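First the structure, in the form of structure tokens, and then the observations on it.
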Amino acid sequence: MELNPLKMSKGIRVALMGNEAIARGALEAGVALAVGYPGTPSSEVIETLQRYGSEIYAEWAVNEKVALEIGIGASIGGARSLVTMKGPGLNIASDPLLSAAYSGVDGGLLILVADDPGPITTQTEQDSRWYGPLAKLPIISPSNSQEAKDFTVKGIELSERLQLPIILRTTTRVNHSIGEVILGDRKIPKRYQKFEKNPERFVRAGMSWNFERHKWLDSRLKETEKISEDLFLNSLEGDGRKCIVTEGIGYQYVKESVSMENRDIRIIKLGLVFPPPLNFLARSLEGCNEVLVVEELDPFLELTIRSYAKELNLLNVKIKGKIDGFLPLEGELSPEIVRSFIFGKKEEDVMKTELHVPSRPPPLCPGCPHRNSYLAILTGISKAGFKRKDVPIFGDIGCYALSVYPPLSAIWTEHSMGASISMAIGMKLSGFDKPVIATIGDSTFFHTGIPPLIEAVNKRVDMLVVILDNSVIAMTGHQATPSWSETETGRKTKEIKIEDVVRGIGVDELRIIDPYNLDEMASAVAELLKKKGVNVLIARAPCAIYEQRRKGRPGYYTVKEDLCTGCLACIRATGCPALYVTENGKVRIIEDDCYGCGLCAKYCPTDAIVRGD
Amino acid sequence: MGNRINILISSVGGQGGLSLSRMIAVASGISGYSVATGETLGMAQRFGSVKSFVRIGLGEKVYSPVFSLREADYLLCLELIECTRNLGYLRENGRTIASLEVKPPISMSLEASKSKPNYSQYIETLKSFASNEIIFIDPDEVRRAAGTIKAVNAAILGAFVSISNLFEDKVILESMREVLGSEKAIESSRKAYELGKSLAKNKQSLA
Ligand code: SF4
Ligand code: SF4
């Protein structure tokens with residue numbers, strides 16, 4: 001029996017996660033090239049495609065800008081492509097996005113951008129729908145797994161009809177929800193067709209060309225609703241005079257509420273969220289005496305409807321949503337919030353348990369080499385004669401940001417990809433006279449860490465840069481980095497060595513150290529902190545979880561109960577989640593979770609922690 | 001309980017809560033039910049709090065992948081502290097199946113010098129809060145029966161199938177095949193599943 005949903009045949013009904021459905025959609029759309037940069041909640045699309053086989057190209061790129069430009073390059077040659085990223089990734093790729101709107105595409109180009117209301121795993125609650133009006137590109141928004149698949153197919157189709165890139169905008173609850181999907185037919189991937197020289201279209205150096213292309217873009221955008229009509233992106237249900245305009249996951253919450261209440265309500269669902277399908281809206285909103293807009297994050301649709309109130313014949317109709325404070329601007333919606341918004345019911349207070357339940361922020365994993373690195377950095381600061389509170393540690397995006405939580409409480413900032421080094425530069429250049437440390441992971445360094453390192457070296461800014469090299473993009477589920485010699489699909493690659501890049505930039509000193517050798521690394525940090533220039537320490541040890549999955553763990557440790565005094569030195573130093581305090585006040589190691597790194601044992605004054613194997 | 005069944009799965013990242021929700025989703029698909037799940041994947045996956053929503057529609061479509069407090073018909077817990085955290089989701093007369101495993105978060109261990117922890121209070125809270133008898137699963141028993149504590153999720157699944165009567169055994173086996181992949185994992189999960197079923201049956205015959 002075929003278990004891979006990408007290989008199943010047409011008509012079969014399967015339960016798929018939204019991202020798996022998008023991957024299936026890519027095959028049904030004849031996509032030949034899928035490329036992205038990992039970012040929750042978008043990563044599983046490429047991952048799923050990578051398990052499909054070699055018929056299409058499905059690989060990670062070094063960052064989102066490069067990924068999008070690869071997609072554009074393929075599409076102007078007539079190939080169909082899919083580019084995936086999380087919301088903040090599109091900020092990095094926004095430069096090519098805006099230019100791609102001017103040149104247009106020949107083969108379909110669909111850009112998945114996954115936002116994260118909540119937020120559940122993202123630095124900001126950005127609403128990427130604004131990229132529609134900013135880049136002047138159409139945005140389509142699916143509301144469940146079936147639509148995630150179908151809109152991928154329709155998006156590629158629309159892209160070719162309009163000759164414009166299309167943004168497929170999702171949110172976590174669509175990407176990471178499982179729902180039933182009826183599969184369609186796969187198409188033969190559409191690869192390179194032809195590419196003819198056409199500077200007016202593809203060269204943005206000619207200002208009069210740009211002006212003309214801008215006019216072309218506006219005229220294409222205007223055609224969007226008409227050209228997409230037979231794709232049935234929007235839908236209308238019910239015929240009450242109380243009307244709800246919604247999109248994305250909001251639609252599911254509305255359906256849930258309305259089907260429970262069984263009332264006569266008109267539901268206008270937009271799949272095309274930009275440009276607004278004004279004809280459809282005008283038709284659907286006729287006769288409404290109240291319009292409720294249900295959407296997550298910004299009042300994007302609400303503002304649209306309010307600004308076209310005259311054209312939509314809504315001048316005397318109450319439009320309710322976020323602007324008047326009925327729905328929250330921050331966080332996720334929920335079926336409950338939507339239900340009380342539509343029906344004006346207040347939910348009763350929820351019973352509270354008497355017990356205080358301690359919070360559980362995600363810790364660094366047991367045996368994580370980053371724990372050692374940050375302990376070495378903190379120890380090194382003291383060794384060099386500084387106070388911890390005097391030496392800021394700039395952090396970056398990746399698992400290692402979890403070092404912010406006690407007991408390590410290490411990083412001072414975590415901002416945007418690559419910002420650790422650049423922000424440290426700014427601090428120094430503005431007159432900060434103590435040393436600064438920038439810590440950045442290997443894939444973040446490849447992603448956007450190289451230009452700031454060039455800047456630091458070039459401007460002679462004194463700092464210590466610690467590159468935390470666990471040789472994998474760990475936080476998003478262990479994807480390949482440019483340092484691999486073979487990707488997930490088995491594609492042979494030329495490995496890029498971080499040390500070669502760092503040396504090539506011309507840093508003053510480079511050392512490579514195994515962070516499990518804690519004392520050695522602490523000494524190196526102390527020495528380099530006192531040296532002038534840009535000094536780089538590569539702390540290299542594989543991600544513990546990834547290594548364990550591939551090779552098994554090196555061992556495990558256990559606590560001799562009679563020797564343990566309950567001083568908690570082990571827990572206070574490491575914060576390793578495999579350690580906990582039992583009801584008699586002594587420490588125990590959850591042996592199934594222990595990686596066997598031995599770090600906690602170093603801190604035990606009574607040698608109660610010993611190898612268990 | 002209507003024709004829509006809400007299940008909340010509460011676990012610590014890495015325990016197998018996601019596979020459990022996936023197995024129920026796949027089994028629902030095979031059984032011809034409407035199904036929607038809502039997960040939080042990503043950073044919180046490893047050793048953080050993980051909450052998975054599973055919604056099943058019997059002859060009726062489910063729309064929202066998540067539900068609200070006091071709407072869970074079943075609360076399935078792989079860890080006691082997380083179970084207590086999510087008690088508010090349980091509806092009156094809802095059923096709870098909980099593994100007795102405790103994995104105290106670091107924040108709690110760091111506080112432990114001030115007052116010694118008391119983990120049995122979580123069991124007491126669960127008991128006093130739930131209106132129905134709770135089915136507790138002893139992870140050591142799972143380890144003995146299945147060879148690994150990783151199969152606790154399958155034991156919970158067994159108990160759940162036993163009290164809900166939603167799935168046939170062969171459907172569960174098929175979903176294990178699809179979700180777990182490796183023969184070894186399927187084998188230990190199958191044993192744990194049987195254990196969970198018999199635990200729940202004994203409970204019911206005693207009651
Ligand atoms: S450091 Fe040693 S003695 Fe102190 S609590 Fe930990 S195991 Fe027990
Ligand atoms: S040896 Fe100690 S610090 Fe290392 S993983 Fe095991 S319990 Fe955690």
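For chain A, the relative contact order works out to 11 percent when only alpha carbon pairs closer than 8 Å and six or more residues apart are counted.
Among the residues of B:20-27, the average count of other protein chain beta-carbon atoms within 10 Å of the residue beta-carbon is 2.
Counting only alpha carbon atoms, the long axis of helix A:369-383 and the longest principal axis of chain A meet at about 50°.
Rolling a 1.4 Å probe over the heavy atoms of the protein chains gives the protein assembly as shown an accessible area of 39 Å² per residue. Would you mind checking the tilt of helix A:207-222 against the longest principal axis of the Cα atoms of chain A, expressed as 0 to 90 degrees and rounded to 10? Here the helix axis deviates by roughly 60 degrees.
For chain A, the longest principal axis of the Cα atoms and the long axis of helix A:145-162 meet at an angle of about 70 degrees. Share of carbon and sulfur in the accessible area of the range A:369-550 stands at 53%, probe radius 1.4 Å. Cross-link partners for B:K127 among the aspartates and glutamates, with Cα-Cα distance under 19 Å and sequence neighbours closer than 8 places in the same chain left out: A:E354, B:E71, B:D73, B:E79, B:E82, B:E92, B:E101, B:D138.
Count charges around A:K269 for me, please; just the other residues with Cβ under 12 Å from its Cβ, Lys/Arg as +1, Asp/Glu as -1. So the environment of A:K269 carries a net charge of -2.
Computed over neighbours whose Cβ is under 11 Å from that of A:K586, the net charge equals 0, Lys and Arg +1, Asp and Glu -1.
Check the straight Cα-Cα distances from A:K322 and name the lysines below 22 Å, setting aside those fewer than 8 residues away within the same chain. The reachable lysines, counting only those whose Cα sits under 22 Å from A:K322, are A:K242, A:K255, A:K269, A:K310, A:K345, A:K346. Counting only protein heavy atoms and a 1.4 Å probe, tell me what percentage of the range A:235-350's accessible area is made up of carbon and sulfur. Carbon and sulfur atoms account for 46 percent of the accessible area of the range A:235-350. Per residue, chain A reaches -10000 deg cm²/dmol at 222 nm when only DSSP H runs of four or more residues are counted, each adding -39500 (n - 2.57). Which Cα, out of A:I188, A:L168, A:Q146, lies furthest along the positive dipole direction of the range A:140-239 (beta carbon charges, K/R +1, D/E -1)? Sorting the options by dipole projection puts first A:I188. For the protein assembly as shown, a crude dipole built from +1 on the beta carbon of Lys and Arg and -1 on the beta carbon of Asp and Glu, taken about the Cα centre, is about 600 debye to the nearest 20. Sequence-distant contacts, meaning Cα pairs under 8 Å at least 6 residues apart, place the relative contact order of the range A:490-613 at 24 percent.
Taking a ≥ b ≥ c as the square roots of the eigenvalues of the alpha carbon gyration tensor, chain B is rounded, as a/c is under 1.5. Measure up A:K149/A:K190; A:K187/B:K170; B:K51/B:K170; B:K61/B:K197; A:K494/B:K184; A:K65/A:K530 against 25 Å on the Cα-Cα distance and list the ones that go over. Going by Cα-Cα distance, A:K187/B:K170; B:K51/B:K170; B:K61/B:K197; A:K494/B:K184; A:K65/A:K530 fall outside the 25 Å limit.
Chain A contacts chain B over a buried accessible area of about 5700 Å², both sides summed; the probe is 1.4 Å and only protein chains count.
Local charge sum around B:E39 (other residues, Cβ-Cβ under 10 Å, Lys/Arg +1, Asp/Glu -1)? Summing Lys/Arg as +1 and Asp/Glu as -1 gives +3.
The values are calculated or read from the model by the stated rules, or taken from the named source; none is laboratory data. Here the structure is a predicted model, which is why all the values come from computation and not from measurement. Note that each Cβ is placed from the backbone with ideal geometry, even for glycine, and that neighbours are counted across all protein chains shown. Ligands, DNA and RNA are stripped out before the accessible areas are found, and what is left, the full protein with its side chains, is counted by its heavy atoms. Shrake-Rupley method; radii C 1.70, N 1.55, O 1.52, S 1.80 Å.
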